Amino acid sequence: MDAAVFREPRKRAVAVPGGEIAGLEFGPLDRPIDIIFVHANGFNAQTYRVLLSPLAAGLRILAIDQRGHGGTTLPALPDGRRSWRDLRDDLTNLLDVLDGPPVVLAGHSMGGTVSLLAAAARPERVKGLVLLDPVIMPWLATLYAKAPWTSGRLWKHMPLVQAALRRRAVFDSREAAFAGYKGRGAFKTWPETMLADYVAGGFVEHKDGKVELACAPAWEASNYAAQAHDPWRAVRQVKAPVRILKAEKHSTCRTGDGFARRGRDVKIETIEGTTHFLPMERPDVVRDALFDMATA
């Protein structure tokens, strides 16, 4: 394997309206950005280092921290949010300031949906989409979430929202956080290296040596509750090919052929033996999909 795959990614911060989007950049500097990768709710760019590093031998990739996550400085105010349009606008602002030809947008879970929304808003800036178990509700549920008489308050009763609000935010150290997560809950199927990267990129240090989640539990909860965006409308506006890798179990992509028919070139593939954390469970399949889209 080319030695380039073992090089550490470069830290990067891009100024956009309202602050800076932080991220990690992989691959050669003498080529334009091929892929922008967007993480799941509560995660961060560094979580996907092991997934993306092997592609750096030939592709340039920018993995970003979304608003309210990692090192990004954009304000994260959970009160009153109803949708992920703020996250979409952050990504379109990033596309507007980056030079170069159209890119592949790729993302996991919330990051996949945000990528789809951004591609609908900036179709001329997007070459293709690779969405890893994106959050796409059935059409009727999406319609209900958008209705003017519904509000974020109704969604706050969801188990995911309540669990996020109860999440422990402060640990004595990163080592303590890693030990607390290892083999438990959502992290059961994660390789240790990816868990270590999640912890490394997902906490900020206090002066007393303790560490705190960079993504505040209230912000994570607001992302689960804010569902008044419309991926069904967005997919009709996307001009680039869309490839969706869907988890076999516990998928957040609650759709199929009906959604695919809304778009111009949408393919949905269920990856056998995976859960919602398929980038951690089948990084080989994900890498192949990213490489194929970027080099098409």
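The values are calculated or read from the model by the stated rules, or taken from the named source; none is laboratory data. Here the structure is a predicted model, which is why all the values come from computation and not from measurement. Positions of Cβ are generated from backbone atoms using ideal geometry, with glycine treated the same way; all protein chains shown enter the neighbour counts.
Observations on the structure shown:
- Subset of segment 259-296 [surrounded by fewer than 16 Cβ atoms within 10 Å (Cβ to Cβ) and either assigned to a loop (DSSP other than H, G, I, E, B) or modelled with pLDDT under 95 (or both)]: Arg264, Asp265, Glu272, Gly273, Ala296
- Listed by position, the helices (runs of 4 or more DSSP H) enclosed by segment 105-177 that each have at least 3 residues that are crowded, with 20+ Cβ neighbours inside 10 Å and touching a Leu at 6+ places or on another chain (Cβ under 7 Å) are 110-121.
- Subset of segment 46-60 [in contact with a Ser or Thr (Cβ under 9 Å, 6 or more places away or on another chain) and of a type outside the set (Gly, Ala, Ser)]: Arg49, Val50, Leu59
- Pair list, Cβ under 8 Å, 6 or more apart: segment 1-25 residue closer than 19 Å to Gly58 by Cα and surrounded by 15 or more Cβ atoms within 10 Å (Cβ to Cβ), other residue at pLDDT below 95 and of a type in the set (Lys, Arg): none
- Note on segment 227-258: residues that are out of contact with any strand residue (DSSP E or B) (no Cβ under 8 Å at 6 or more places or on another chain), hydrophobic (A, V, I, L, M, F, W, C), buried (at least 21 other Cβ atoms within 10 Å of the Cβ) and assigned to a loop (DSSP other than H, G, I, E, B) amount to 0.
- Qualifying residue in segment 196-217 (condition: of a type in the set (Ser, Thr, Tyr), over 26 Å from Val126 (Cβ atoms) and assigned to a loop (DSSP other than H, G, I, E, B)): no
- Single unsatisfied condition, Gly58 versus (1) over 18 Å from Leu129 (Cβ atoms); (2) in contact with a strand residue (DSSP E or B) (Cβ under 8 Å, 6 or more places away or on another chain): (2)
- Filter pass, Pro102 being under 15 Å from Pro231 (Cα atoms), surrounded by fewer than 24 Cβ atoms within 10 Å (Cβ to Cβ) and modelled with pLDDT of 95 or more: no
- Residues (under 21 Å from Tyr224 (Cβ atoms) and touching a strand residue (DSSP E or B) at 6+ places or on another chain (Cβ under 6 Å)) located in segment 178-207: Phe203
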